[in-house]
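Notes to accompany the following structure.
The values are calculated or read from the model by the stated rules, or taken from the named source; none is laboratory data. Computed from a prediction, not measured in an experiment: that's the story for all the values here. Here the Cβ is made from the backbone with ideal geometry for all residues, glycine too, and neighbour counts use every protein chain on show.
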Amino acid sequence: MSEIQSLKHQLPKGYVILPKGDRYLSLHCRKQSLELGKDIYIITDRKGVRQGLGVPHHVLKEVEALAKATAQSRLDAVIQKDRRLITTARLMVEKLYPKMPADEVQTCLNHAFHKGSGRVGRSTTLRGDSSEKLKFKVCLAVAAYIRHEHTLYDSLLCHGILREEARQQVEGDMNEVLLRWRSESKEPTVERKVKSAAKTIQKPKALTTRPRIRPKSKPNLRRNRKL
C-alpha cells in the first residue's frame, strides 16, 4: 500500500476520483484505504498540479455515508469550539484592555475570529504556546479594529494614500485609544514586546570597540649639533 502520483486516466479499475477540497472525505478515504492495504493515487494534471485523490469506489461510498450521518454532530462540535474560543478571547481582551467598551469588544472579536475569514483571529502561522498565540491575536485584532473604526485610515486609503504610509499617519491616534483602553499594569504589554523585538531586529547593536588611533609621532627634541 502506498501513495502514487498519477493522471486521472491512469487509475486502475475500481477506483474513482475524489476532488480536492473536502477535508473530511479526503482524510477518512485516505485512512480507510491504507487500513485495507489499498493504494492511494494522487491525481495531478499534466503540469503536476494536484487535482484530488484516486481511491477505491467502495471506500468513498462508505465515507460519504459516514459524513452524512455525522454532519450535524460535527457541526455542533465546531460551533461549541468556536464559542469557547470567542469566550477565551473576550476574557483576554477584558484583561489587557479593561476600559474597552463591551459592545466594541464583541464587534471586534466577531470580525477578527470569524470562521473561514482568514483574519488574524484564525491565523495558524503564529508561533508559541496557545496562550501566547491568543495574546498576539487579541492585540492584533484590537489594533486593527481601532485603525479601521477610530481613525481616518480607511479614508486615507480611499484618497490614494499607500497602505504603509496611511498606517504611519494614524499611529498616533491609535496609540491614544490604546492608552485609554489598556490596563494600568506596569507589566510590559504584548504590543510593547513586539515593538521592542522589532527594534532589536531592525537596529543592530553598535560596536563596543573603539577604532584604533595611531599615536602622533613625537617631535625630535634634540638640538641640531654644530658642525
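Here is how the numbers come out for the structure above:
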| quantity | calculated |
| --- | --- |
| Counted residues, the stretch 144-172 - those being within 30 Å of Leu91 (Cβ to Cβ) and surrounded by fewer than 19 Cβ atoms within 10 Å (Cβ to Cβ) | 8 |
| Yes/no for Ile86 being of a type in the set (A, V, I, L, M, F, W, C), over 30 Å from Ala143 (Cβ atoms) and in contact (Cβ under 8 Å) with a residue 24 or more places away in the chain | no |
| All positions within the stretch 5-34 that are assigned to a loop (DSSP other than H, G, I, E, B) and either modelled with pLDDT of 95 or more or more than 12 Å from Glu64 (Cα to Cα) (or both) | Leu7, Leu11, Pro12, Lys13, Gly14, Lys20, Gly21 |
| Conditions (1) small (Gly, Ala, Ser); (2) free of Cβ contacts under 8 Å to residues at least 24 places away in the same chain; (3) within 30 Å of Gly172 (Cα to Cα): number failed by Ser130 | (3) |
| Residues being part of a helix (DSSP H, G or I), of a type in the set (A, V, I, L, M, F, W, C) and surrounded by 14 or more Cβ atoms within 10 Å (Cβ to Cβ) - total across the stretch 50-71 | 5 |
| For Lys47: the one exception among (1) under 29 Å from Tyr24 (Cβ atoms); (2) surrounded by 11 or more Cβ atoms within 10 Å (Cβ to Cβ) | (2) |
| Yes/no for Ser131 being more than 21 Å from the chain's Cα centre (by Cα), among the polar types (S, T, N, Q) and outside the structural domain of Lys31 (by TED's automatic domain parsing) | no |
| Residue list for the stretch 144-177, filter: closer than 20 Å to Glu104 by Cβ and hydrophobic (A, V, I, L, M, F, W, C) | Ala144, Ile146, Leu152, Val170, Met174, Val177 |
| Residue pairs meeting the criteria (Cβ under 6 Å; at least 6 apart or on separate chains; first among the small types (Gly, Ala, Ser), in the stretch 103-120; second at pLDDT 90 or above) | Ala112/Ala141 |
| Qualifying positions in the stretch 23-45 - of a type outside the set (Phe, Trp, Tyr) and in contact (Cβ under 8 Å) with a residue 40 or more places away in the chain | Leu25 |
